[in-house]
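Written out below as structure tokens is the structure these notes cover.
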Amino acid sequence: MNSLILTTGARLLTALFMVFSLYVLLRGHNAPGGGFIGGLIAACGLTIHAFAGGVTETRKALKTDPRNIAALGLVAALIAGLMPAFAGTEPFSGLWGEVAGLKLSNILLFDIGVYLAVFGGILTLVFALEDTLK
């Protein structure tokens, strides 16, 4: 679509959606939100970008295939789920550690994996639908 208003608005909205999706991802550990809804919000932001500028331009902006992002997310979620088993506890239980003064857990890694899997999966679907509609 060649709408100046949509193209200009999409730049702002895409950036806002991406920042808000990261906020929801990081907030979701202790409050409503998390990886799933954060990934959906991020995918919505890039979907607006694809509507405004086309799938080819959005693929260039993304710089990687969304299927690779989804696969990376699945691997991260699997690693986060199996980490406790290697530590001698039940799989998918929480492990906490401290890195450079920050308390981190495998739960955050799991949320990031879900975020990436949802983000990549939804974008793969949207890009495929956009390509077939041309």
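A short reminder: the numbers here are calculations on the coordinates, not readings from a lab. Just so you know, these numbers come straight off a predicted model, no measurement behind them. A quick note on method: Cβ atoms are made from the backbone with ideal geometry, for glycine too, and the neighbour counts reach across all protein chains shown.
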Review point. Does Pro91 satisfy the criteria of being buried (at least 16 other Cβ atoms within 10 Å of the Cβ) and either part of a helix (DSSP H, G or I) or free of Cβ contacts under 8 Å to residues at least 60 places away in the same chain (or both)?
Key: no
Review point. Restricting the first residue to the stretch 19-41 and requiring it to be touching a residue at least 40 places away in the same chain (Cβ under 8 Å), which pairs with a second residue that is crowded, with 16+ Cβ neighbours inside 10 Å and among the charged types (D, E, K, R) meet a Cβ separation below 7 Å and a spacing of at least six or different chains?
Key: Leu25/Asp111; Gly28/Asp111; His29/Asp111; Gly34/Asp111; Gly35/Asp111
Review point. So, in the stretch 1-49, of the ones that are aliphatic (A, V, I, L, M) and part of a loop (DSSP other than H, G, I, E, B), which residue ends up farthest from Gly73 (Cα to Cα)?
Key: Met1
Check your understanding: List pairs: first in the stretch 97-117 and buried (at least 22 other Cβ atoms within 10 Å of the Cβ), second outside any strand (DSSP E or B) and among the aromatic types (Phe, Trp, Tyr), Cβ under 6 Å, 6+ apart or cross-chain?
Key -> Val114/Phe36
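Name the single residue that is surrounded by the fewest Cβ atoms within 10 Å (Cβ to Cβ) among those in the stretch 52-78 being among the basic types (Lys, Arg) and assigned to a helix (DSSP H, G or I).
The initial filter retains those residues of the stretch 52-78 that are among the basic types (Lys, Arg), namely 59-60, 63, 67.
From what is left, the residues that are assigned to a helix (DSSP H, G or I) are 59-60, 67.
Details: Arg59: 16, Lys60: 10, Arg67: 13.
Filtering the stretch 52-78 for residues that are among the basic types (Lys, Arg) and assigned to a helix (DSSP H, G or I), the one surrounded by the fewest Cβ atoms within 10 Å (Cβ to Cβ) comes out as Lys60.
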